[in-house]
Amino acid sequence: MGDDRDVAYVLAERHPSRVPVLAWRSMSADESRSLEGRVVAIAGAGGNLGPAVVRRFATTGARLALAGRDAEPLDALVAEVGIDADTASVDLLDASAAHTWADGIAERLGGVDALLHLVGGWRGGSPIEESPPEDWDFLASLLIDTLQHVTHAFAPHLLASGRGRFAIVSAAQAQAPTHTNAAYAAAKAAAEAWTLALAHRFVGTGATANIVVVGSIVSPEMRAADPDKDFSTFTPAESIAEALAYLCSDAAAPMNGQRLTLRGAV
């Protein structure tokens with residue numbers, strides 16, 4: 001594994017988007033401890049995926065800063081998990097609000113070591129020739145504008161960290177679009193391209209930017225609400241959380257500009 005990681009690092013220096021995906025697995029206790037004390041900001045923590053990610057990172061000893069449209073559910077989640085965390089109601093469609101959030105975290109917690117962009121949403125279902133322009137407007141704002149805003153706000157802090165981590169959650173549609181999901185696929189593809197460009201910016205700095213590609217997400221709450229449903233083609237939220245924790249760890253330091261694909265049976 002050591003030689004493979006060295007090769008990957010050299011490739012990442014030159015062509016970050018072409019790095020072969022290294023095998024990943026659940027972190028060992030020692031690897032998990034590499035996150036202890038690090039400041040991890042999670043945008044969209046109040047969404048479907050957020051609780052699983054918060055629960056996973058809570059076990060690492062990382063200091064969490066959570067943002068969502070409404071801080072109340074985040075406060076309830078923090079209380080349920082039993083951790084101290086920085087929570088905020090932030091409209092990431094507002095660039096100045098994103099900067100205020102990032103700078104505030106750095107001031108309160110002493111810096112920022114990772115940013116996870118979990119903001120998501122979907123519209124689609126119509127034949128491409130009937131796709132409403134409003135779908136694109138909605139998805140571009142939600143999936144691209146918020147990503148650009150957090151990049152502008154957090155990239156300086158991640159560079160200052162010396163080991164900054166940036167990750168987004170994407171979908172297979174970005175690489176294999178279907179016509180009834182054209183707007184969604186195009187927005188996801190743009191978000192991936194933006195993230196790969198950020199990975200290029202991070203080359204040689206110790207920071208990384210990566211993409212986790214998933215199918216439809218199933219959370220523990222969804223399983224509990226519909227125990228008889230077949231979720232075998234869904235991606236478990238817990239698996240996504242584990243992948244994100246790995247990407248933020250020292251073990252994933254050579255991984256920059258990569259797509260890590262998580263799809264298949266539960």
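Overview of results
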item: In Å, descending, principal axis extents of the Cα set of the range 193-251; result: 49, 24, 14
item: Cα pair distances in the range 22-258, grouped into 10 Å bins until the bin that holds the longest one, percent each; result: 8, 33, 39, 18, 3, 0
item: Average Cα contact separation per residue, the chain, under 8 Å, 6 or more apart, as relative contact order %; result: 24 percent
item: The range 123-266: C-alpha gyration tensor shape, a/c 1.5 cut-off, then a/b vs b/c; result: oblate
item: The range 68-81 - phi-based ³J(HN,Hα) in whole Hz, Karplus 6.51/-1.76/1.60, Gly and Pro as x; result: x, 5, 10, 6, 4, x, 5, 4, 5, 5, 4, 5, 5, 6
item: Estimated dipole of the range 158-266 in Debye, rounded to 20 [Cβ of Lys and Arg +1, of Asp and Glu -1, Cα centre]; result: 420 debye
item: Under Karplus coefficients 6.51, -1.76 and 1.60, residue-wise ³J(HN,Hα) of the range 103-116 in Hz, glycine/proline x; result: 5, x, 4, 4, 6, 6, 10, x, x, 9, 9, 7, 10, 10
item: About the Cα centre, charge dipole magnitude for the chain (Lys/Arg +1, Asp/Glu -1 at Cβ), debye; result: 740 debye
item: Longest segment of the chain lacking trypsin sites (Lys or Arg not before Pro) that sit in a DSSP loop with at most 12 other Cβ atoms within 10 Å; result: 26-228
item: Rounded FRET efficiency, nearest 0.05, which uses the C-beta distance separating Glu80 from Ala193 and R0 of 45 Å; result: 0.80
item: Amide H within-cut-off set for Thr59, under 5 Å, with H built and near neighbours excluded; result: none
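Each value in this text was obtained by applying a stated rule to the coordinates, not by laboratory testing. What you are looking at is a predicted structure, and each value in this text was computed from that prediction instead of being measured. Please note: Cβ atoms are built from the backbone with ideal geometry, for glycine as well, and neighbour counts cover all protein chains shown.
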